[in-house]
Amino acid sequence: MKDKVVIITGSNRGIGKASTKEIAKLGAKVYMACRSVDSANKVKEELISETKNKNIFVRELDLSSVQSIKNFAEAFQKEEAKLDILINNAGIMSQAKKLNAVGAEMTFAVNVLGHHLLTKLLADSLKKARPSRIINVASDYAGGLDLDDINFDKRNYDTTAAYKQSKQANRMLTREWAKNLQSKNISVYSMTPGWVPNTDLFREQSTLNKAVIKTVGFVGGRSVERGADTIVWLASSNKIDGSNGGFFKDRKELVCQFNNFENEKKLWDKCDGLLT
(Lines give C-alpha, C1' and ligand atoms only; values in the text may rest on other atoms or scores of the structure.)
Protein backbone atom coordinates (compact mmCIF):
# COMPACT_ATOMS: atom_id res chain seq x y z
CA MET A 1 0.00 0.00 0.00
CA LYS A 2 2.91 2.34 -0.56
CA ASP A 3 1.81 5.78 -1.79
CA LYS A 4 -1.70 5.14 -0.42
CA VAL A 5 -3.28 7.66 1.97
CA VAL A 6 -5.67 6.16 4.53
CA ILE A 7 -7.94 7.64 7.19
CA ILE A 8 -9.15 5.40 10.03
CA THR A 9 -11.63 6.78 12.55
CA GLY A 10 -11.46 5.53 16.13
CA SER A 11 -7.98 4.21 15.51
CA ASN A 12 -6.46 4.55 18.97
CA ARG A 13 -8.12 1.47 20.46
CA GLY A 14 -9.44 -2.00 19.66
CA ILE A 15 -10.19 -2.92 16.07
CA GLY A 16 -9.21 0.52 14.81
CA LYS A 17 -5.79 0.30 16.40
CA ALA A 18 -5.24 -3.24 15.07
CA SER A 19 -6.27 -2.11 11.57
CA THR A 20 -3.95 0.90 11.73
CA LYS A 21 -1.04 -1.31 12.71
CA GLU A 22 -1.52 -3.77 9.85
CA ILE A 23 -2.13 -1.08 7.24
CA ALA A 24 0.93 0.84 8.44
CA LYS A 25 2.96 -2.36 8.08
CA LEU A 26 1.95 -2.39 4.42
CA GLY A 27 3.55 1.02 3.96
CA ALA A 28 0.51 3.29 3.74
CA LYS A 29 0.38 6.83 5.05
CA VAL A 30 -2.20 6.65 7.83
CA TYR A 31 -4.21 9.37 9.52
CA MET A 32 -5.59 8.38 12.90
CA ALA A 33 -8.83 10.34 13.30
CA CYS A 34 -9.64 10.27 17.01
CA ARG A 35 -11.62 12.14 19.65
CA SER A 36 -8.84 11.79 22.24
CA VAL A 37 -5.69 13.28 20.76
CA ASP A 38 -3.54 12.53 23.81
CA SER A 39 -4.45 8.85 23.79
CA ALA A 40 -3.99 8.63 20.04
CA ASN A 41 -0.55 10.24 20.14
CA LYS A 42 0.66 7.62 22.62
CA VAL A 43 -0.66 4.87 20.34
CA LYS A 44 0.92 6.54 17.31
CA GLU A 45 4.38 6.41 18.88
CA GLU A 46 3.84 2.76 19.79
CA LEU A 47 2.76 1.91 16.25
CA ILE A 48 5.63 3.80 14.63
CA SER A 49 8.04 1.83 16.81
CA GLU A 50 6.39 -1.51 15.95
CA THR A 51 5.82 -0.95 12.22
CA LYS A 52 8.87 1.22 11.40
CA ASN A 53 6.46 3.42 9.42
CA LYS A 54 6.89 7.07 10.34
CA ASN A 55 3.95 8.16 8.20
CA ILE A 56 1.34 7.81 10.93
CA PHE A 57 -0.39 11.01 11.98
CA VAL A 58 -3.00 11.94 14.58
CA ARG A 59 -5.78 14.41 13.91
CA GLU A 60 -8.66 15.34 16.19
CA LEU A 61 -12.13 14.20 15.16
CA ASP A 62 -15.27 14.15 17.29
CA LEU A 63 -17.91 12.40 15.22
CA SER A 64 -20.72 13.71 17.41
CA SER A 65 -19.84 17.28 16.40
CA VAL A 66 -20.66 18.63 12.93
CA GLN A 67 -18.13 21.43 13.40
CA SER A 68 -15.36 19.02 14.41
CA ILE A 69 -16.03 16.91 11.31
CA LYS A 70 -15.92 20.00 9.09
CA ASN A 71 -12.68 21.16 10.72
CA PHE A 72 -11.08 17.75 10.25
CA ALA A 73 -12.05 17.47 6.58
CA GLU A 74 -10.90 21.00 5.79
CA ALA A 75 -7.53 20.49 7.48
CA PHE A 76 -7.00 17.12 5.80
CA GLN A 77 -7.69 18.54 2.36
CA LYS A 78 -5.10 21.25 2.95
CA GLU A 79 -2.51 18.60 3.87
CA GLU A 80 -3.25 15.90 1.29
CA ALA A 81 -4.04 16.05 -2.42
CA LYS A 82 -6.00 12.76 -2.33
CA LEU A 83 -7.50 10.05 -0.14
CA ASP A 84 -7.23 6.43 -1.23
CA ILE A 85 -9.04 4.65 1.60
CA LEU A 86 -11.57 5.92 4.15
CA ILE A 87 -12.27 3.48 6.99
CA ASN A 88 -15.30 4.52 9.04
CA ASN A 89 -14.62 2.47 12.13
CA ALA A 90 -15.39 4.51 15.27
CA GLY A 91 -18.49 3.62 17.23
CA ILE A 92 -20.23 4.02 20.56
CA MET A 93 -23.05 2.41 22.51
CA SER A 94 -24.57 5.14 24.65
CA GLN A 95 -26.05 3.90 27.92
CA ALA A 96 -28.49 6.79 28.22
CA LYS A 97 -30.42 8.79 25.67
CA LYS A 98 -28.39 11.87 24.80
CA LEU A 99 -28.68 14.27 21.89
CA ASN A 100 -25.87 16.00 20.05
CA ALA A 101 -25.89 19.66 18.99
CA VAL A 102 -28.10 19.01 15.94
CA GLY A 103 -30.60 17.07 18.04
CA ALA A 104 -29.68 13.53 16.99
CA GLU A 105 -29.53 10.58 19.41
CA MET A 106 -25.88 10.10 20.29
CA THR A 107 -25.31 6.49 19.18
CA PHE A 108 -26.87 7.26 15.80
CA ALA A 109 -25.06 10.60 15.64
CA VAL A 110 -21.62 9.02 16.02
CA ASN A 111 -22.08 5.66 14.34
CA VAL A 112 -24.09 6.89 11.36
CA LEU A 113 -24.48 10.65 10.91
CA GLY A 114 -20.87 11.53 11.73
CA HIS A 115 -19.47 9.08 9.22
CA HIS A 116 -22.09 10.05 6.63
CA LEU A 117 -21.04 13.69 6.84
CA LEU A 118 -17.35 12.83 6.91
CA THR A 119 -17.73 10.75 3.75
CA LYS A 120 -19.58 13.57 2.01
CA LEU A 121 -16.90 16.10 2.90
CA LEU A 122 -14.07 13.82 1.77
CA ALA A 123 -15.72 12.64 -1.46
CA ASP A 124 -13.65 15.02 -3.61
CA SER A 125 -10.43 13.70 -2.04
CA LEU A 126 -11.54 10.13 -2.78
CA LYS A 127 -12.33 11.06 -6.39
CA LYS A 128 -8.80 12.40 -6.84
CA ALA A 129 -7.36 9.01 -5.82
CA ARG A 130 -9.73 6.77 -7.79
CA PRO A 131 -9.98 3.89 -7.86
CA SER A 132 -10.50 4.42 -4.15
CA ARG A 133 -12.46 2.70 -1.39
CA ILE A 134 -14.70 3.37 1.59
CA ILE A 135 -15.05 0.72 4.30
CA ASN A 136 -17.84 1.00 6.85
CA VAL A 137 -17.49 -1.10 9.99
CA ALA A 138 -20.97 -2.47 10.67
CA SER A 139 -22.02 -5.56 12.63
CA ASP A 140 -23.90 -8.86 12.66
CA TYR A 141 -25.70 -7.34 15.62
CA ALA A 142 -28.08 -5.17 13.62
CA GLY A 143 -31.79 -4.56 13.14
CA GLY A 144 -34.83 -2.70 14.40
CA LEU A 145 -34.21 0.55 12.51
CA ASP A 146 -37.28 2.78 12.74
CA LEU A 147 -36.92 5.49 10.12
CA ASP A 148 -39.79 7.41 11.73
CA ASP A 149 -38.32 7.25 15.23
CA ILE A 150 -34.53 7.34 14.96
CA ASN A 151 -34.29 9.43 18.12
CA PHE A 152 -36.49 7.16 20.27
CA ASP A 153 -39.09 9.86 20.78
CA LYS A 154 -41.92 7.34 20.43
CA ARG A 155 -40.10 4.33 21.93
CA ASN A 156 -38.44 3.88 25.28
CA TYR A 157 -34.71 4.36 24.82
CA ASP A 158 -32.74 1.14 24.91
CA THR A 159 -28.95 0.92 24.60
CA THR A 160 -28.99 -2.29 22.60
CA ALA A 161 -31.79 -1.17 20.29
CA ALA A 162 -30.00 2.12 19.59
CA TYR A 163 -26.79 0.32 18.72
CA LYS A 164 -28.49 -2.31 16.55
CA GLN A 165 -30.40 0.27 14.53
CA SER A 166 -27.22 2.24 13.93
CA LYS A 167 -25.48 -0.86 12.59
CA GLN A 168 -28.42 -1.65 10.30
CA ALA A 169 -28.14 1.93 9.04
CA ASN A 170 -24.42 1.46 8.34
CA ARG A 171 -25.16 -1.49 6.09
CA MET A 172 -28.00 0.27 4.28
CA LEU A 173 -26.09 3.50 3.71
CA THR A 174 -23.17 1.51 2.33
CA ARG A 175 -25.34 0.35 -0.55
CA GLU A 176 -26.70 3.85 -1.14
CA TRP A 177 -23.16 5.26 -1.16
CA ALA A 178 -22.12 2.52 -3.60
CA LYS A 179 -24.92 3.52 -5.97
CA ASN A 180 -23.99 7.18 -5.76
CA LEU A 181 -20.24 6.70 -6.24
CA GLN A 182 -20.05 3.78 -8.66
CA SER A 183 -19.68 6.06 -11.69
CA LYS A 184 -16.81 7.83 -9.88
CA ASN A 185 -14.83 4.57 -9.57
CA ILE A 186 -15.11 4.59 -5.78
CA SER A 187 -16.05 1.26 -4.18
CA VAL A 188 -17.94 1.09 -0.88
CA TYR A 189 -18.11 -1.93 1.41
CA SER A 190 -19.50 -2.73 4.85
CA MET A 191 -18.23 -5.49 7.07
CA THR A 192 -18.67 -7.14 10.43
CA PRO A 193 -15.65 -7.90 12.62
CA GLY A 194 -17.62 -10.52 14.52
CA TRP A 195 -17.93 -10.60 18.31
CA VAL A 196 -14.90 -8.71 19.65
CA PRO A 197 -15.34 -8.09 23.39
CA ASN A 198 -12.01 -6.31 23.93
CA THR A 199 -12.94 -2.97 22.38
CA ASP A 200 -13.77 0.51 23.65
CA LEU A 201 -17.35 0.10 22.44
CA PHE A 202 -18.42 -1.07 25.90
CA ARG A 203 -16.78 1.78 27.84
CA GLU A 204 -20.11 3.05 29.22
CA GLN A 205 -21.21 -0.37 30.47
CA SER A 206 -21.37 -1.04 34.21
CA THR A 207 -18.50 -2.87 35.87
CA LEU A 208 -20.70 -5.98 36.18
CA ASN A 209 -21.67 -5.89 32.51
CA LYS A 210 -18.05 -5.43 31.47
CA ALA A 211 -17.13 -8.51 33.51
CA VAL A 212 -19.92 -10.51 31.85
CA ILE A 213 -18.86 -9.35 28.38
CA LYS A 214 -15.27 -10.31 29.10
CA THR A 215 -16.29 -13.74 30.40
CA VAL A 216 -18.57 -14.47 27.43
CA GLY A 217 -15.80 -13.26 25.15
CA PHE A 218 -13.53 -16.07 26.31
CA VAL A 219 -16.03 -18.55 24.85
CA GLY A 220 -17.23 -17.04 21.58
CA GLY A 221 -15.22 -13.85 21.19
CA ARG A 222 -12.52 -12.87 18.74
CA SER A 223 -9.30 -10.98 19.16
CA VAL A 224 -9.08 -7.43 17.87
CA GLU A 225 -6.57 -8.69 15.30
CA ARG A 226 -9.04 -11.19 13.88
CA GLY A 227 -11.78 -8.57 13.97
CA ALA A 228 -9.56 -6.21 11.97
CA ASP A 229 -8.54 -8.78 9.37
CA THR A 230 -11.41 -8.19 6.94
CA ILE A 231 -10.98 -4.42 7.22
CA VAL A 232 -7.33 -4.73 6.23
CA TRP A 233 -8.21 -7.14 3.42
CA LEU A 234 -10.89 -4.80 2.03
CA ALA A 235 -8.45 -1.91 2.20
CA SER A 236 -5.43 -3.61 0.68
CA SER A 237 -6.53 -6.32 -1.74
CA ASN A 238 -6.01 -5.65 -5.42
CA LYS A 239 -9.35 -7.27 -6.20
CA ILE A 240 -12.33 -7.81 -3.91
CA ASP A 241 -14.29 -10.98 -4.64
CA GLY A 242 -17.72 -9.51 -4.00
CA SER A 243 -20.10 -6.79 -5.04
CA ASN A 244 -19.78 -3.05 -4.63
CA GLY A 245 -22.00 -2.14 -1.68
CA GLY A 246 -21.62 -5.66 -0.28
CA PHE A 247 -21.53 -6.76 3.35
CA PHE A 248 -18.53 -8.91 4.31
CA LYS A 249 -17.39 -11.22 7.07
CA ASP A 250 -14.18 -13.24 7.19
CA ARG A 251 -13.26 -12.02 3.70
CA LYS A 252 -16.50 -13.32 2.19
CA GLU A 253 -19.59 -11.46 1.09
CA LEU A 254 -22.76 -12.28 3.02
CA VAL A 255 -26.37 -11.79 2.00
CA CYS A 256 -27.61 -8.71 3.85
CA GLN A 257 -31.17 -8.99 5.14
CA PHE A 258 -31.69 -5.22 5.06
CA ASN A 259 -31.52 -4.84 1.30
CA ASN A 260 -34.30 -2.39 0.40
CA PHE A 261 -33.75 0.20 -2.32
CA GLU A 262 -36.58 2.48 -1.21
CA ASN A 263 -35.62 2.49 2.47
CA GLU A 264 -31.94 3.02 1.68
CA LYS A 265 -32.81 6.23 -0.16
CA LYS A 266 -35.21 7.25 2.62
CA LEU A 267 -32.46 6.72 5.21
CA TRP A 268 -30.02 8.80 3.14
CA ASP A 269 -32.54 11.65 2.95
CA LYS A 270 -33.26 11.34 6.67
CA CYS A 271 -29.56 11.66 7.48
CA ASP A 272 -29.16 14.65 5.18
CA GLY A 273 -32.16 16.27 6.86
CA LEU A 274 -30.69 15.80 10.33
CA LEU A 275 -27.42 17.36 9.19
CA THR A 276 -28.93 20.51 7.67
Global form of the chain, assessed from the alpha-carbon gyration tensor, a/c cut-off 1.5: rounded
Rounded to 5, the percent of DSSP beta bridges in segment 87-203 classed as antiparallel: 10
Percent of beta bridges antiparallel (DSSP, the chain, rounded to nearest 5): 15
Local electrostatic count, residue 243, Cβ distance below 11 Å [Lys/Arg +1, Asp/Glu -1]: -1
Whether segment 229-276 is rounded, prolate or oblate, judged on the alpha carbon gyration tensor where a/c under 1.5 counts as rounded: prolate
Relative contact order, percent, the chain [alpha-carbon distance under 8 Å, six or more residues apart]: 19
Residue-wise HN-Hα coupling along segment 251-259, computed from phi with Karplus coefficients 6.51, -1.76, 1.60 (Hz; x: Gly, Pro): 6, 10, 6, 10, 6, 8, 6, 9, 6
Virtual paramagnetic centre 7 Å along Cα→Cβ of residue 269, amide N under 20 Å, in segment 157-173: 169-173
Solvent-accessible area per residue for segment 123-196 (1.4 angstrom probe, square angstrom): 38
Rounded percent of accessible protein surface that carbon and sulfur make up, segment 112-152, 1.4 Å probe: 43
Alpha-carbon centroids, segment 229-276 and segment 48-81: separation in whole Å: 23
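In terms of solvent-accessible area of protein heavy atoms at a 1.4 angstrom probe, what is the ranking of 252, 52, 70, highest value first? Don't skip to the answer; put the middle values down first.
Details: 252 140, 52 160, 70 95 Å².
Of 252, 52, 70, the descending order of accessible area is 52, 252, 70.
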Gyration tensor verdict on segment 34-122 (Cα atoms; rounded if a/c is under 1.5, prolate if a/b is larger than b/c, oblate otherwise): oblate
Apportionment of accessible area to carbon and sulfur, segment 1-68, percent (1.4 Å): 43
Segments 81-88, 238-245 sorted - mean Cβ within 10 Å per residue, highest first: 81-88, 238-245
Solvent-accessible area per residue, Å², over segment 1-61 with all protein chains present [probe radius 1.4 Å]: 46
FRET efficiency, residue 45 to residue 2 (Cβ-Cβ, R0 22 Å, nearest 0.05): 0.50
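Using packing as a proxy for protection, rank 110-119, 152-161 so that the peptide with the highest average count of other Cβ atoms within 10 Å comes first.
On the way: 110-119: 25.7, 152-161: 12.6.
Peptide ranking by packing, descending: 110-119, 152-161.
The values are calculated or read from the model by the stated rules, or taken from the named source; none is laboratory data. Just so it is clear, the structure is predicted and the values come from calculations on it, not from any experiment. Methodologically, a virtual Cβ is constructed for each residue, glycine included, from the backbone with ideal geometry; neighbour enumeration extends over all protein chains shown. When the accessible area is computed, the model is the full protein with side chains, heavy atoms only, and any ligands, DNA or RNA have been set aside. Shrake-Rupley method; radii C 1.70, N 1.55, O 1.52, S 1.80 Å.
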